[in-house]
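**Q** Before we start, here is the structure in question, set down as structure tokens.
Nothing in this text is a laboratory measurement; each read-out follows from the coordinates by a stated rule. Note that this is a predicted model, so its numbers are computed, not measured. So basically every Cβ, Gly included, is an ideal-geometry build from the backbone, and we count neighbours across all protein chains shown.
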Amino acid sequence: MEGLDILIHLFRDYTLRNVLLGALILGGISGVLGALALLRRQSLLGDTISHAALPGIALAFLFSGSKSSLILLTGAALSGWLATLFMLQVVRSSRIKDDTALGLVLSVFFGFGLVLLTFIQKRPDAAQAGLDKFLFGQAATLMAEDVRIMAILSGLVFAVVLLLWKEFKVFLFDTGFAESLGFPTRRLDVLLLSMLVITIVIGLQTVGVVLMSAMVVAPAAAARQWTHRLERMVLLSGAFGMIAGVVGSLASSVVPRLPTGPTIVVVATILVLFSLLFAPARGILWNWFMQKRNQKEIHVQIALLTLLELAEHHHDFRHQHSLQVIQAALPRNTHLKRTLQELRERGWVDEPRKGYLSLTPAGVEAARKFRQSREGKA
Amino acid sequence: MNILQLEIQLVAVVVAIACALPGTFLVLRKMAMMSDAISHSILFGIVVAFFYTHDLSSPLLVLAATATGLLTALFVELLYKSRRVGEDAAIGLVFPFLFSIGVILISRYAGNIHLDTDAVLLGEIAFTPFERLTIGGLDWGPKALYVMGGILLLNILFIGALYKELKLATFDPALAAALGFSPAWIHYLLMGLVSLTAVGAFDAVGSILVVALMIGPPAAAYLLTDRLSHMLLLSAGIGVLGSIGGYWLAHVLNASIAGSMATIIGIVFVLVYLLAPERGVLALYRRRQQQRLETAVTMLLVHIRSHQHRTEAEDECHIDHLYSHLKWDPQYTRRIIQHCQKEGWLYLKDDLLYLTEKGKAHIQQVAE
């Protein structure tokens, strides 16, 4: 089958269309909110919220007896929200640090959720498949109705981000300044957290409790490498999230027995790795390459200036210097051979006799320019 | 209580203590979330080793999983040290990735072998007594007891042998480095220990509740003491309380044992958080009230001292409009005055307030 045919076929398939749309929405909104959370240094909050959603899901099922996504997700959001507020309160009012509070709330809420799950499993109407999917996510069970809910919720969250863009921007970069401007920072903080809770709840059904945390970290961490501007970072992060969602769910539908959630996470992580290595200005390999280039340029300049000084010493710009003399005059670690080769390629140096080098008129001119600019700087 | 119940509780107690000891250092070193990261990513090591040995009880699994834990710590540090992502984001990137690969490997290649993610994530301590250690035809008890007992012993030996070093590297890493022992070594030894403990414990309680056992008891203990040795003992004690309490809660409710253990630990933490003698929310509230009262009393007494027996006393010390001079609420002012009268610091004459001798002595003492 041709690639296009596969795509058309995929989009005609009801399940697959839901999965793709769901992953797209989920990736986009978790990318956007994740970028804000990353700058607030709350990347791991997503982990805690998603685990803490479990008792809410279980309680919602126990009380309502319904497996409707909307009811279960409301329960999930409520308990995720309570867990977050409790965690923040503990950090504010005691000597317990963020990391400890996060780990504690995460595991205790999850444990309590397990206790509730065992109750559910004992009930005769325990179609636990409906709840199990929240642990690891079962993208294949997404219904058109679920996708609609996801779309509405993430639309709302995105609208709030747009509406309060200026406020969030100031708040994220300088909380103290935001406070001095009279912004209600406490309320902004809670609002941001609440939106993060909604985002995570949106993703639970697709990628599950354990992996949802990665979806708010990875796209944001990747986007951070490419830009210093918040607008671009948020949009890029959303785009990375969407790419991860779509590529991951496509791959898992084409390759047999490739689970959707983990595949999406792996794609997102690959995006991070790529960005860490190759992003302009921040990428590790990019920096390494630039450093090498600068180093080479500096070596060339040093060699050229040394040759000029030697020539001036002899009152003859075309003086032929033997290689040994040049080597002795140059500082060590200047990669002599490579540097002289580069000088020759630029036409600044020629070799009138074997083993002897001399500056060309162009070389003299270039050397003088370097010297001037150096003296100008000094 | 039958022998089976006793054995389950014994395993639970040993697991809880083994987790609480390294957990104490994680909490103090602000690395609590590393336990979450490691306990998830060891899945990868277990799966890879399992494909190699095809034996779930092979010691190679433990080795590979511990190595994966160390690898997690190393990746997190490399990412963080590259200064391109924050420490929390580094953790949040590494473990979901390794965990995902583990899950993918399982569902791709181990479809019909007994190794499912539920078991790793959730564990089941009630099954531990069914795997027995038999030597020479004799039944020596549940195997998990010996495995976890060994890990517990290792933890105790490690902490005992390196107590001074751990303490210094935890509270003053710069001094530790200056004195010549590398905090990096201590860090990776500790991470190795956390990994090993998590591997041993996930069988019983699952990888998520390992976090509850590692972080919960030390977090509560941290609010109760300032001494490292006390904190270690208290953590272990709270862990034991959580494991036995959790077992019986699960028994009564007929629910998940590991989940109940985490729930009890959560309840213990909330109680400590509210009621701890010095750092509890209640104690802090009381102390703040006490300080506010003392400040108000001092203000009132100083006010009276500087105005009594003077011409303006008619106005400044009058019980009915005193509050307007102090800019207090009238009712609050009356309460403070009553308090001072009860203590015998003030007396009332013709609606004017005066300091008693005792009051003078008191304000003298406070002012100094």
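**Q** What ratio of Cα Rg to 2.2 N^0.38 Å holds for region A:329-378?
**A** 1.26
**Q** Separate question: Calculate the dipole size of the protein assembly as shown relative to its Cα centre from +1 charges on Lys and Arg beta carbons and -1 charges on Asp and Glu beta carbons; express the result in debye to the nearest 20.
**A** Numbers: 62 positive and 53 negative charges, 335 e Å.
About 1600 debye.
**Q** Taking 25 Å as R0, compute the FRET efficiency from the Cβ-Cβ separation of residue B:251 and residue B:140 and round it to 0.05.
**A** Working: r = 25 Å, r/R0 = 1.02.
Approximately 0.45, to the nearest 0.05.
**Q** For the pair residue B:3 and residue B:357, how long in nm is the line joining their label points, each one 7 Å along Cα→Cβ?
**A** 8.1
**Q** Explain nothing, just compute: Karplus ³J(HN,Hα) = 6.51 cos²θ - 1.76 cosθ + 1.60, θ = phi - 60°, for every residue of region B:286-301 in order, whole Hz, x for Gly and Pro.
**A** 4, 4, 5, 4, 4, 5, 5, 4, 4, 4, 4, 4, 4, 4, 4, 5
**Q** Give me the tail of P(r) for chain B as a percent: Cα-Cα pairs with distance above 38 Å.
**A** Tail of P(r) above 38 Å: 39 percent of Cα pairs.
**Q** OK, next. So which lysines pass the test for residue B:358, namely a Cα distance under 22 Å, with those fewer than 8 places away in the same chain ruled out?
**A** Once the sequence-local lysines are set aside, what remains near residue B:358 is B:342, B:349.
**Q** Would you mind estimating how fast region A:286-377 diffuses translationally, via Stokes-Einstein at 20 °C and 1.002 mPa s with the Kirkwood radius over Cα pairs, in µm²/s? Show your work: numbers first, answer last.
**A** Details: Rh = 13.4 Å.
For these conditions, the coefficient is 160 µm²/s.
**Q** Assuming a ≥ b ≥ c are the square roots of the Cα gyration tensor eigenvalues, decide whether region B:70-210 counts as rounded (a/c under 1.5), prolate (otherwise, with a/b larger than b/c) or oblate.
**A** Working: a/c = 3.27, a/b = 1.31, b/c = 2.50.
Since a/c reaches 1.5 but b/c is at least a/b, the shape of region B:70-210 is classed as oblate.
**Q** Can you give me the orientation-averaged projected area of the convex hull built on the Cα atoms of the protein assembly as shown, in nm²? Intermediate values should be presented prior to the final figure.
**A** Working: hull surface 208.7 nm².
Answer in nm², one decimal: 52.2.
**Q** Out of B:149, B:86, B:180, any idea which swings most in a Gaussian network model of chain B, alpha carbons joined below 10 Å?
**A** Checking each option, the largest mean-square fluctuation is seen for B:180.
**Q** Within 14 Å, Cβ to Cβ, of residue B:197, how many net charges do the neighbouring residues add up to if Lys/Arg are +1 and Asp/Glu are -1?
**A** Numbers: positive: none; negative: B:36, B:203.
Summing Lys/Arg as +1 and Asp/Glu as -1 gives -2.
**Q** Grab the beta carbon distance between residue A:374 and residue A:270, set R0 = 56 Å, and tell me the FRET efficiency rounded to 0.05. Working shown, then result.
**A** On the way: r = 44 Å, r/R0 = 0.79.
After rounding to 0.05, the efficiency reads 0.80.
**Q** Can you grab the distance from the C-alpha centre of region A:342-378 to the C-alpha centre of region B:232-249, Å, no decimals?
**A** Each part's Cα centre sits 78 Å from the other's.
**Q** Additional query: Would you mind giving the mean number of other chain beta-carbons within 10 Å of the Cβ of each residue in B:18-29, as a whole number? Spell out each step's value before the answer.
**A** Details: counts 0, 0, 0, 0, 0, 2, 0, 0, 3, 6, 2, 2.
Taking all residues of B:18-29 together, the mean is 1.
**Q** Then there's this: Determine ³J(HN,Hα), in whole Hz, for all residues of region A:291-304 in sequence, where each value follows from phi through the Karplus function 6.51 cos²θ - 1.76 cosθ + 1.60 and θ = phi - 60°; x replaces Gly and Pro.
**A** These are the phi-based 3J(HN,Hα) values: 4, 4, 5, 4, 4, 4, 4, 5, 4, 4, 4, 4, 4, 4 Hz.
**Q** Could I ask something else about it? Among B:179, B:69, A:267, which residue has its Cα furthest toward the positive end of the charge dipole of the protein assembly as shown, with +1 on Lys/Arg Cβ and -1 on Asp/Glu Cβ?
**A** Projecting each Cα onto the dipole axis, the largest value belongs to B:179.
**Q** Also, I was wondering about something else. Between region A:222-297 and region A:33-89, what is the separation of their alpha carbon centroids in Å?
**A** 27
**Q** Once phi is turned into θ = phi - 60°, what whole-Hz ³J(HN,Hα) does the Karplus curve with 6.51, -1.76 and 1.60 give for every residue of region A:106-111, x standing for Gly and Pro?
**A** 3J(HN,Hα) across region A:106-111, in whole Hz: 3, 6, 5, 4, 4, x.
**Q** Is there a quick way to get the dipole size of region B:282-367? I mean about its Cα centre, with the Cβ of Lys and Arg at +1 and of Asp and Glu at -1; what is the value in debye to the nearest 20?
**A** Details: 13 positive and 11 negative charges, 129 e Å.
The dipole magnitude comes to about 620 debye.
**Q** Given springs between every Cα pair under 10 Å in a Gaussian network model of chain B, which of B:28, B:300, B:232 has the largest fluctuation?
**A** With Cα springs under 10 Å in chain B, the top fluctuation among B:28, B:300, B:232 is at B:300.
**Q** Here's another thing I want to ask about it. With each label point set 7 Å from Cα along the Cα-Cβ vector, what nm distance links residue A:13 and residue A:337?
**A** Calculated label separation equals 5.7 nm.
**Q** A further question follows. Simple spin-label model, 7 Å along Cα-to-Cβ: residue A:362 to residue A:322 in nm?
**A** Simple spin-label model gives 2.9 nm for this pair.
**Q** Estimate the FRET efficiency between residue B:315 and residue B:290 by the formula 1/(1 + (r/R0)^6), using the beta-carbon distance for r and 30 Å for R0, to the nearest 0.05. Each step should come with its number before you reach the end.
**A** On the way: r = 31 Å, r/R0 = 1.04.
Result of the calculation: an efficiency of 0.45.
**Q** Find which of A:171, A:291, A:217 sits farthest along the positive direction of the dipole of chain A, computed with +1 on the beta-carbon of Lys and Arg, -1 on that of Asp and Glu, about the Cα centre.
**A** A:291
**Q** Continuing with this model, one more query. Under a point-charge model restricted to the Cβ atoms of Lys and Arg (+1) and Asp and Glu (-1), what is the dipole moment magnitude of chain A relative to its Cα centre, in debye to the nearest 20? If you can, show how the numbers build up before the last one.
**A** Working: 37 positive and 25 negative charges, 153 e Å.
That gives chain A a dipole magnitude of about 740 debye.
**Q** Return the average number of partner chain Cβ atoms within 10 angstrom of each residue Cβ along peptide B:76-85. If you can, show how the numbers build up before the last one.
**A** Details: counts 0, 0, 0, 3, 0, 0, 4, 1, 11, 10.
Average per residue, whole number: 3.
**Q** Please build a GNM for chain A, connecting alpha carbons under 10 Å apart, and tell me which residue among A:195, A:150, A:290 fluctuates the most.
**A** Largest GNM mean-square fluctuation: A:290.
**Q** Give me a single rounded figure for A:115-121: the average over its residues of other chain Cβ atoms within 10 Å of their Cβ. The partial results should precede the final answer.
**A** Working: counts 13, 5, 4, 8, 4, 0, 2.
For this peptide, the per-residue mean of nearby foreign Cβ atoms is 5.
**Q** Multiplying the sequence separation of residue A:285 and residue A:314 by 0.36 nm and subtracting their Cα-Cα distance, what value in nm do you get? Walk me through the intermediate numbers first.
**A** Working: separation 29, 0.36 × 29 = 10.44 nm, distance 4.38 nm.
Once the chain is fully extended between residue A:285 and residue A:314, it gains 6.1 nm.
**Q** Straight-line reach from residue B:167: which lysines fall under 20 Å, measuring Cα to Cα and dropping same-chain residues less than 8 apart?
**A** Partners found: A:97, B:30.
**Q** What is the spread of the Cα atoms of region B:282-367 along each of their three principal axes, largest first, in whole Å?
**A** Extents along the principal axes: 45, 27, 20 Å.
**Q** Name the residues whose placed amide hydrogens come within less than 5 Å of the amide hydrogen of residue B:141, ignoring near sequence neighbours (fewer than 5 apart) on the same chain.
**A** Here the answer is B:133, since their amide H atoms fall under 5 Å of that of residue B:141.
**Q** While we're here: Would you grab the residues whose amide H sits under 5 Å from the one on residue A:225? Only those 5+ places off in sequence or on another chain, please, with H modelled 1.01 Å from N.
**A** Correct list: empty.
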